[in-house]
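*Asks:* Input: one structure, supplied below.
The values are calculated or read from the model by the stated rules, or taken from the named source; none is laboratory data. Keep in mind that this is a model prediction, so the values were computed, not measured. Cβ: placed from backbone, ideal geometry, glycine included. Neighbour counts: every protein chain shown.
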Amino acid sequence: MSSMNKIGSRGLALVVFLAATAVAPRAGNAVVVVRTAVNYHPVARRAVVTTAAVATAVAVGTVVHSVPPSCSSVMVGNVAYQQCGNTWYQPRYAGSAVTYVVVNPPR
Amino acid sequence: MRMHLLAVTTVAAVALGTGLWSRPSLAKSAAAKPAVDPDAIAALQKMGAFLREQQKFSVRASVTTDDLLSSGQKVQFGGTVEMMVRRPDRLRMNVRGDRRDEQIYYDGKTFTLFGERVGYYATFQAPSTLAELKEVTEKRYGIDLPLADLFYWGTEHDGTADITAATHVGVASVEGTACDHYAFRQKDVDWELWIEQGPHPLPRKMVITTTSERSRPQHGMVLTWDLSPQLGDQLFTFAPPPEAHKIDFDVASQVGSRQ
């Protein structure tokens with residue numbers, strides 16, 4: 001798992017791109033993907049899972065594939081958010097996977 | 001290397017889904033490629049024609065997919081895909097697996113993607129037929145519809161040209177059903193197909209092996225068909241559970257904008 005944590009935020013943006021387009025990664029990811037017609041998993045989706053746990057300030061616009069379990073689901077003005085301390089994420093579907101983009105606090 | 005793998009498997013997936021079953025023009029190419037048994041190609045075409053005749057059906061696929069750990073060890077993930085179709089404009093899909101959780105609803109007007117585990121769903125106004133839907137979901141929304149290749153078996157795209165070998169391996173039993181077992185080869189991919197014998201030439205099992213990768217990862221599925229299912233309208237229209245929240249599709253990232 002430690003190697004997975006090395007993918008940093010720059011890697012996250014790349015991963016999001018990969019998830020959307022299924023283009024291959026350059027290096028450093030933990031998983032080689034077999035893409036088929038029926039069931040494919042974008043590269044390093046699982047690798048990303050651990051990285052959002054770094055609970056320091058995250059730049060607005062950063063995209064991750066999961067948020068820490070301690071985050072709470074919050075509705076503000078009929079919009080769904082995940083609030084993780086001072087960091088707010090807005091979920092959205094990128095392809096068939098939910099991703100979370102860091103946004104300015106809505107309140 | 002990985003890019004190569006992805007490209008190859010994607011090509012294979014497209015080829016598998018699109019043309020192999022649909023084109024009757026094998027005679028010439030078979031003469032030029034004696035490794036391709038024309039009877040094996042004819043079996044694909046017969047299967048495709050039969051599938052295209054079905055106006056409604058449900059199919060359940062038990063799926064396994066290999067991945068590699070960073071150590072190089074190959075591991076297998078599993079899941080199921082349930083698909084219910086009423087032509088021309090109804091689709092319902094449930095995808096459940098170690099790493100996937102998707103429900104898809106399409107009623108000729110609205111497409112909904114719902115992830116039960118995360119509790120989020122998103123919708124878009126959909127085209128009025130399944131054929132158009134596949135185009136939109138893949139190109140605009142980046143959503144791969146599992147088993148959606150079924151829809152392409154009726155198109156004119158030609159995949160037979162990619163096949164470098166086609167063989168009837170023999171007769172085999174898939175979950176108690178007698179099938180003809182075929183093996184095909186094309187660049188970087190070997191694949192096998194088990195087609196039910198008798199009046200219902202259905203694909204009952206498929207295995208895809210990526211031969212360009214040293215570990216030769218495989219993707220396999222066993223299919224169970226129901227050609228006379230009861231498919232009521234309510235199956236195809238999403239009614240959000242109280243705890244589910246609607247979110248948006250991130251369409252921008254689907255049009256090739258690098259972040």
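*Asks:* Would the range B:239-252 turn up any residue that is within 21 Å of the chain's Cα centre (by Cα) and of a type in the set (Phe, Trp, Tyr)?
*Replies:* Filtering the range B:239-252 for residues within 21 Å of the chain's Cα centre (by Cα) gives none.
Within the range B:239-252 (the criterion being within 21 Å of the chain's Cα centre (by Cα) and of a type in the set (Phe, Trp, Tyr)), the answer is no, since none of the residues qualifies.
*Asks:* Please work out if residue A:67 is within 11 Å of the chain's Cα centre (by Cα), more than 23 Å from residue B:124 (Cα to Cα) and modelled with pLDDT of 90 or more.
*Replies:* Details: within 11 Å of the chain's Cα centre (by Cα): yes; more than 23 Å from residue B:124 (Cα to Cα): yes; modelled with pLDDT of 90 or more: yes.
Spelling it out, residue A:67 is indeed within 11 Å of the chain's Cα centre (by Cα), more than 23 Å from residue B:124 (Cα to Cα) and modelled with pLDDT of 90 or more.
*Asks:* Working only within the range A:72-96, note down all residues that are in contact with a Gly (Cβ under 8 Å, 6 or more places away or on another chain) and of a type outside the set (Ser, Thr, Tyr).
*Replies:* Listed by number, the residues that qualify are A:94, A:95.
*Asks:* For residues that are of a type outside the set (S, T, N, Q) and surrounded by fewer than 20 Cβ atoms within 10 Å (Cβ to Cβ), tally how many sit in the range A:81-91. Can you show your working first?
*Replies:* First pass over the range A:81-91, keeping only residues of a type outside the set (S, T, N, Q): A:81, A:84-85, A:88-89, A:91.
Going one step further and asking which of them are surrounded by fewer than 20 Cβ atoms within 10 Å (Cβ to Cβ), we end up with A:85.
Result for the range A:81-91: 1.
*Asks:* Give the residues of the range B:218-246 that are surrounded by fewer than 17 Cβ atoms within 10 Å (Cβ to Cβ) and part of a helix (DSSP H, G or I), sorted by residue number.
*Replies:* Answer for the range B:218-246, where residues must be surrounded by fewer than 17 Cβ atoms within 10 Å (Cβ to Cβ) and part of a helix (DSSP H, G or I): B:233, B:234, B:235.
*Asks:* Just to be sure I understand the filter: pairs with C-beta atoms under 7 Å, separated by 6 or more residues or on different chains, first member in the range A:74-94 and farther than 18 Å from residue B:115 by Cβ, second member of a type in the set (D, E, K, R) and not in a strand (DSSP E or B). Which pairs pass?
*Replies:* Within 7 Å, the pairs are A:76/A:107.
*Asks:* If you don't mind, there's one more thing I want to ask. Since residue B:126 meets every condition but one in (1) modelled with pLDDT of 95 or more; (2) small (Gly, Ala, Ser); (3) under 22 Å from residue B:223 (Cβ atoms), which condition does it not meet?
*Replies:* Single failed check for residue B:126: (3).
*Asks:* Assess whether residue B:65 counts as being within 13 Å of another protein chain (Cβ to nearest Cβ), touching a residue at least 40 places away in the same chain (Cβ under 8 Å), buried (at least 21 other Cβ atoms within 10 Å of the Cβ) and not hydrophobic (A, V, I, L, M, F, W, C). Talk me through it step by step, then tell me what you get.
*Replies:* On the way: within 13 Å of another protein chain (Cβ to nearest Cβ): yes; touching a residue at least 40 places away in the same chain (Cβ under 8 Å): yes; buried (at least 21 other Cβ atoms within 10 Å of the Cβ): yes; not hydrophobic (A, V, I, L, M, F, W, C): yes.
Judged against the criteria, residue B:65 is a match.
*Asks:* So which residues in the range B:81-114 are more than 22 Å from residue B:205 (Cα to Cα), touching an Asp or Glu at 6+ places or on another chain (Cβ under 7 Å) and surrounded by 21 or more Cβ atoms within 10 Å (Cβ to Cβ), if there are any at all?
*Replies:* B:113
*Asks:* To continue, here is another question. Determine whether residue B:120 is at pLDDT below 95, within 11 Å of chain A (Cβ to nearest Cβ) and buried (at least 19 other Cβ atoms within 10 Å of the Cβ).
*Replies:* Details: at pLDDT below 95: no; within 11 Å of chain A (Cβ to nearest Cβ): yes; buried (at least 19 other Cβ atoms within 10 Å of the Cβ): yes.
It is false that residue B:120 is at pLDDT below 95, within 11 Å of chain A (Cβ to nearest Cβ) and buried (at least 19 other Cβ atoms within 10 Å of the Cβ).
*Asks:* If you go through the range A:62-99, how many residues are in contact with a strand residue (DSSP E or B) (Cβ under 9 Å, 6 or more places away or on another chain), part of a loop (DSSP other than H, G, I, E, B), more than 16 Å from residue B:244 (Cα to Cα) and more than 8 Å from every other protein chain (Cβ to nearest Cβ)?
*Replies:* Qualifying residue count, the range A:62-99: 7.
*Asks:* Let me ask you something else. For the range B:70-110, enumerate the residues that are within 13 Å of chain A (Cβ to nearest Cβ), of a type in the set (A, V, I, L, M, F, W, C) and within 24 Å of residue B:123 (Cβ to Cβ).
*Replies:* Once the filter is applied, which keeps residues that are within 13 Å of chain A (Cβ to nearest Cβ), of a type in the set (A, V, I, L, M, F, W, C) and within 24 Å of residue B:123 (Cβ to Cβ), the range B:70-110 yields B:81, B:83, B:93, B:95, B:104.
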